[in-house]
Amino acid sequence: MNWPQPSEFAPLLLALAIVLATASFFLLRRLWGRLVGPVFVYEADRVARKGRVFLVRVLFAAAILIVLYAVFPTAEHLDDRVMNRFALDFSNAFSIAQAAVVLFLTPIYFAGAVSDEKEKRSFDFLLSTRLTSREIVFGKFASRVFPLLGMVLLPLPILAITQLWGGIDLPRLLAGSAATILSALSLGAFAMFCSTLARRTLPAIGTTYGIAIFVVAITLAVPPLDSFSNPISFQLSVNDKLDLLDEAESATPVVIQAVAEYAIVHVVTAGAFLLFSLLLLRRMAGRGLFSLIPRPTMAVTYQLGGGKTLVVRRPVRTHMPLPGMRTSPLLWKERHVGATVLGGTFHDVAWLTLGTAVVVLGVFAFYLDHFANEKIVAHWFVTILRGLLAVCAIYLMLGVGLNLAGSVSREREQQTLDSLLSMPISRLEILRAKWFGAFYRQRRALIVVGLALAFTLLGGRVHLDA
């Protein structure tokens, strides 16, 4: 007797799992209500009423349809093999693009969960109610999970159209969606943790992006770990495993094992950061992320009468000294005001290290022809150079983007926006100064990127027409 393969009844199992999950959700709604508390209802309603959530979903779905129309084969006669290959390539590209979009939006959704309350000065009122820390943390976290689930589930009907052309493995598609959801949960929990520690939303978002990119970059250097750090590497790893299977072998066991291993890592990570957020919620109510670092002080000795001395510890100046004003006052303000010694030192050390690495690679590019295994050395040279350029570009985009995103809200928080708008200058000049000031603060990144491109072009290892 020939039993059906698991892949043949995978759609039936998927439909049954969805029905069971929906029924369990409604049957256990009282348990869910006790777990997340009334904060979930309020936050979910508030988040759902924002027009930005609906706009992002519409734009994402429209972008998928436009891309599908643009890359669709236009030949008059298309055989089944061409359409199967097109459907498979499009589904793989869709999974990667979906993961990138969801992971990009996750810190924006979650990093303001607690810090927004601190900025609006309503966090103390929230803590003074009968709500427990568990209800606050779990309620705010769960209310932001559903919009991201909508981003994952919304394009699935569009992708179902490609199944008419064949070539798409349902387990492969479900594995990518599951990895994206699990990664969003763990990254969202970490963003929630950063929001608990921060006083303002922008530092929480920047910290989440920076540490997440750093962790992914470290794991990419270790091939066994890269498939557990992000859904894109996971999807590529699953595709490689499925491509090695014979036609008679089922892909379902391989996908289930890979998703289970990936789920263990990210569920444990999400649970740990949610627990940390729950424990630190009330302790960090009146403090910020950098308030944990003791403020540096210096001893000052005063000579008193009778040969006595008095030693007083005074706080060290933490802001950079302001240079003379040689340009427009508004542009001078955007360039220099607010720079700290700690941040300036960190930027100087980071860009000095990256700049030195780029210069060494640039000099090394002129001597590649002297190596016996020139092709192998050139391959590693280009790989390392691309990695450095990617790090510089990501840091540049985050630095400029976060600075510009908070340029106006920062004036509103410091209660200087009304004074700025009342000055006899046009709003275009204000926006122009903020725009150029954001790029001026990242001038070191631009210099490093320019040096890298110049050395590679002069060394003949990168061609503009390639």
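Take V53 and decide whether it is in a helix (DSSP H, G or I) and under 30 Å from R134 (Cβ atoms).
Against the criterion (in a helix (DSSP H, G or I) and under 30 Å from R134 (Cβ atoms)), V53 qualifies.
When you scan the range 305-318, do you find a residue that is at pLDDT below 65, touching a helix residue (DSSP H, G or I) at 6+ places or on another chain (Cβ under 7 Å) and either in the same structural domain as S115 (by TED's automatic domain parsing) or farther than 30 Å from F125 by Cα (or both), even just one?
Within the range 305-318, one or more residues are at pLDDT below 65, touching a helix residue (DSSP H, G or I) at 6+ places or on another chain (Cβ under 7 Å) and either in the same structural domain as S115 (by TED's automatic domain parsing) or farther than 30 Å from F125 by Cα (or both).
Take T301 and tell me if it is among the β-branched types (V, I, T), loosely packed, with under 12 Cβ neighbours inside 10 Å, at pLDDT 75 or above and outside any helix (DSSP H, G or I).
Criteria met by T301.
Among the candidates V259, V238, V215, single out the residue that is touching a Leu at 6+ places or on another chain (Cβ under 9 Å), hydrophobic (A, V, I, L, M, F, W, C) and either part of a helix (DSSP H, G or I) or at pLDDT 85 or above (or both).
V259
Looking for something modelled with pLDDT of 70 or more and within 30 Å of V114 (Cβ to Cβ) - is there at least one such residue anywhere in the range 373-384?
no
What do you reckon, is S122 within 25 Å of S277 (Cβ to Cβ), out of contact with any Phe, Trp or Tyr (no Cβ under 9 Å at 6 or more places or on another chain) and in the same structural domain as F276 (by TED's automatic domain parsing)?
Here the answer is yes, as S122 does meet what is asked.
So, of the residues in the range 238-261 that are among the polar types (S, T, N, Q) and within 11 Å of A175 (Cα to Cα), which turns out to be surrounded by the most Cβ atoms within 10 Å (Cβ to Cβ)?
Checking each candidate, the answer is T252.
The values are calculated or read from the model by the stated rules, or taken from the named source; none is laboratory data. No experiment lies behind these values; they were computed from the predicted model shown. Don't worry about glycine lacking a Cβ; one is built from the backbone with ideal geometry, like all the others, and counts go over all protein chains shown.
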